[in-house]
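Below you'll find the structure, written out as structure tokens, and then a few comments.
The values are calculated or read from the model by the stated rules, or taken from the named source; none is laboratory data. Predicted model only: the values in this text are computed from it and were never measured. All Cβ positions, glycine included, derive from the backbone under ideal geometry; neighbour counts span all protein chains shown. Keep in mind that these areas ignore ligands, DNA and RNA; they rest on the heavy atoms of the full protein, side chains included. Shrake-Rupley method; radii C 1.70, N 1.55, O 1.52, S 1.80 Å.
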Amino acid sequence: MTRLAITLALLLGTSTVFANCTFELEVGDSLEFSVKTIDVGADCAEVTIDLTHTGSLPASAMGHNWVLSLDADLQDVATAGISAGLDGDYVPAGDARVIAATKIIGGGESTSITFSVEGLSAAETYTYFCSFPGHWAVMKGSFRVAG
Ligand code: ZN
């Protein structure tokens, strides 16, 4: 994949020879991410998540965010996030189990986050989810880094 991308970049004469480390995700007025699996290339030191809410409901009713944790921590992080409230983006402040998190957005809004993946392990199972109360049980996807 990476070699192919580099070959294509050379063939096309572009200067970009790095794997794509930016992922575009859409959410709407339902409990679903448009992307269910994110595979991070081996040459990505950082990953950027661009999250767009294409729905029409406000953040207070159908807010979504993108939170990354170990799969084993998902339920505890999501539960702890409830008390943070909408003002705290439903993410527990200063919680080391939260690897990355965007703010909560409503319909018509978008947000972005860039974070380092150098400390993450291919041997671990990571899950991204929306921490809006009640969403995390179904609104999630798997996040994998290369070994
Ligand atoms: Zn949500």
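Surface composition of the chain: carbon plus sulfur atoms contribute 53% of the solvent-accessible area (1.4 Å probe, protein chains only, all chains present). Note on the chain: Rg/Rh from Cα positions, Kirkwood definition for Rh, rounded to two decimals, is 1.01. The 3J(HN,Hα) values that the Karplus relation (6.51, -1.76, 1.60; θ = phi - 60°) gives for region 89-101 are, in residue order, 6, 6, 10, x, 5, x, 8, 5, 6, 7, 7, 7, 7 Hz. Gly and Pro appear as x. Of the beta bridges in the chain, as assigned by DSSP with both residues counted there, near 65 percent are antiparallel.
Think of a 1.4 Å ball rolled over the protein heavy atoms: region 43-147 then has 45 Å² of accessible area per residue. Counting trypsin sites (Lys or Arg not before Pro) as exposed when in a DSSP loop with at most 15 other beta carbons within 10 Å, what is the longest stretch of the chain free of them? No qualifying site falls inside 37-96, the longest such stretch. The angle separating the long axis of helix 2-12 from the principal Cα axis of greatest extent in the chain is about 60 degrees.
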